[in-house]
1. Given axes a ≥ b ≥ c from the Cα gyration tensor, I'd like to know whether the range 4-46 is rounded (a/c under 1.5), prolate (a/b larger than b/c) or oblate.
2. Would you calculate the separation in nanometres between label points at residue 80 and residue 37, each defined as 7 Å from the Cα along the Cα-to-beta-carbon direction?
């Protein structure tokens with residue numbers, strides 16, 4: 001079974017992070033320890049060495065989407081909502097009764113009184129104000 005330092009050096013080798021001194025130390029340990037050599041062979045066979053990544057790869061260039069494609073679904077949904085609202089409003093019956101055709105319109109002298117007639121001491125003041 002390889003020791004801690006041997007496994008650490010192998011991990012550094014897998015990630016290509018060994019400096020020159022550590023590479024010489026690992027070579028000496030691999031030559032001296034058959035368990036570490038077998039462990040290194042297992043790692044190389046199973047994982048292989050990590051390839052060094054080059055420069056960052058830019059994402060592919062997608063065509064520019066114009067603004068017209070963005071707003072039309074919202075406009076269509078809004079128009080559909082307005083149409084549904086109007087259809088439901090036209091379909092259902094009105095909740096308030098329609099005014100009678102013989103009911104007086106406006107607030108002239110022919111309109112019915114809004115409140116009860118004033119009686120008592122203030123009736124004289126009201127009659128004098130007219």
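1. oblate
2. Placing both labels 7 Å beyond Cα along the Cβ direction yields 7.3 nm.
Read-outs: derived from the displayed coordinates by stated rules, not from any lab. Being a predicted model, the structure only gives us computed values, none of them experimental. With ideal geometry, Cβ positions are generated from the backbone for all residues, glycine too; neighbour counts draw on all protein chains shown.
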